[in-house]
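Here is the structure we will look at, set down as structure tokens.
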Amino acid sequence: MADLLEYKCPNCAGAIAFDSASQQMECPFCGASFTMESLMAMDDSLNEPPQEMSWNTPGGEWGLGETEGMAVYGCQSCGGEIVADPTTAATKCPFCDNPVVMKGQFAGALRPDAVIPFKLDKKAAVAALQKHVQGKKLLPKVFRDQNHIEEVKGVYVPFWLFDADMDANLRFKGTRLRTWSAGGYDYTETSTYAIDRGGRVSFDRVPVDGSSKMPDELMESVEPFDWKDAVNFQTAYLAGYLADKYDVDAQQSTPRANERIRRSTEDAFAKTVTGYSGVAPDGGQMNLLSGTVRYALYPVWLLNTVWKDKKFTFAMNGQTGKFVGDLPLDKKASRRRFMAVAAGAAAAVTLLGVLIWSIQGVFV
């Protein structure tokens, strides 16, 4: 059975967890607070070889093949068995609700370089969802009034951070338009220009999430994260939250990082081309120079709700509060809105026809 790390209060032996408001470890039982530095000694145990631990638990042993694709842990508080997938790095005991950290997931080379701690709590995430649905006229009223959140969880998502330089020589096609009227005709002249741009762009900490369970588009939507709040990794920050170990390694994440860097480079150079009616990329060359990769954990709140048997997932940046997520569409309200707009447009056309007829009638 795998080994766990639980943070216990030195005063009452209760389970303690990281508090986003105080940025300290808090005991919910006796109210004591502890700095992260005071718990650093517990993190040192990650460098020690894991010891075999046995627990007397009811229900007998797992059958052959039952634990495939799972990791089984014994809770040090109540002795209950915690079953998790192989990438789970922090969770709560389903029996006593105490926060636990899976030690082996962050040992040796698996240890993150940094972590950005949660700054916003669960209440802030729920409030952000309520604000998100306000003022959405095409949102079904039943969804807004009876939106029962199925699940709210704070997750430390694994990210690979890429530092790199990009050398680029790009071409753009710029156009300028000139219009004039003469002899009863309107003329338009289109001039086309070839524009060259070259130089080097440096990138720091381009993030790519390392969890296959997290949609890349959703994680990119809650960016950016502010690196100024990053601290050296300590497992104590994970207590009270969920955490995943990466299952997409740095090499597998490189193509997406390259694409983000190339797209950003093209956008940066395109912004330097001004004074034209239109600008379009027209080829060129970009060379990505070798860089460095770091491993970090970023805080994300995930909220799940179900409506008409369909699951809707929302995400909030646990540091900045940026909130994203798709909402259902009230098709009846959408049709009514379309018909109202169409009717308004038809009325405007009819009124214009009446005005033209009246003006013509004046000159008959």
- Pairs over 28 Å Cα to Cα, from Lys103/Lys310; Lys245/Lys308; Lys119/Lys245; Lys8/Lys131; Lys103/Lys213; Lys119/Lys308, come to Lys103/Lys310; Lys245/Lys308; Lys8/Lys131; Lys119/Lys308
- Residues Thr254 and Lys153, FRET efficiency given R0 of 45 Å [Cβ-Cβ distance, rounded to 0.05]: 0.95
- Could you tell me whether segment 131-275 comes out rounded, prolate or oblate from its Cα gyration tensor? Rule is a ≥ b ≥ c as square roots of the eigenvalues, rounded for a/c under 1.5, then prolate if a/b exceeds b/c, otherwise oblate. oblate
- Placing each pseudo-label 7 Å from Cα in the direction of the beta carbon, Arg294 and Asp326 end up separated by a distance in nanometres of 3.4
- In nanometres, the difference between 0.36 nm per residue of separation and the alpha-carbon distance of Lys308 and Thr175 is 42.9 nm
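Taking 0.36 nm per residue of sequence separation and subtracting the Cα-Cα distance, how much length would be gained by fully extending the chain between Ser212 and Thr274, in nm to one decimal? Each step should come with its number before you reach the end.
On the way: separation 62, 0.36 × 62 = 22.32 nm, distance 4.04 nm.
Using 0.36 nm per residue and subtracting the Cα-Cα distance, I get 18.3 nm.
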- Mind checking the log10 I(q)/I(0) for segment 219-310 at q = 0.12, 0.17 Å⁻¹? Debye, one equal scatterer per Cα, no solvent, two decimals. -0.67, -1.03
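How do 71-78, 238-245, 114-121, 277-284 rank on mean C-beta neighbours within 10 Å, highest first?
Working: 71-78: 18.0, 238-245: 24.1, 114-121: 20.2, 277-284: 12.8.
Packing proxy ranking, top to bottom: 238-245, 114-121, 71-78, 277-284.
Please arrange Tyr276, Tyr185 by how many other C-beta atoms lie within 10 Å of their C-beta, fewest to most.
Placing the least packed residue first, the sequence is Tyr185, Tyr276.
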- Pop the C-beta distance of Leu110 and Asp163 into the FRET formula with R0 = 25 Å and round what comes out to the nearest 0.05. 0.75
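Take Val152, Val100 and order them by how many other Cβ atoms sit within 10 Å, fewest up front. Don't skip to the end; give the middle numbers.
On the way: Val152 17, Val100 26.
Listed from fewest to most nearby Cβ atoms, that is Val152, Val100.
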- Under 18 Å from a label point 7 Å along Cα→Cβ of Thr190: give me every residue in segment 240-276 with its amide N that close. 276
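Fully extended, how many nm does the chain gain between Met40 and Ala21 (0.36 nm per residue separation, minus their Cα-Cα distance)?
4.8 nm
Just so you know, all these numbers are worked out from the coordinates, no wet-lab data involved. Bear in mind that the values here come from a model prediction, so they are computed numbers and not experimental data. Cβ atoms come from the backbone with ideal geometry, glycine included; neighbour counts cover every protein chain shown.
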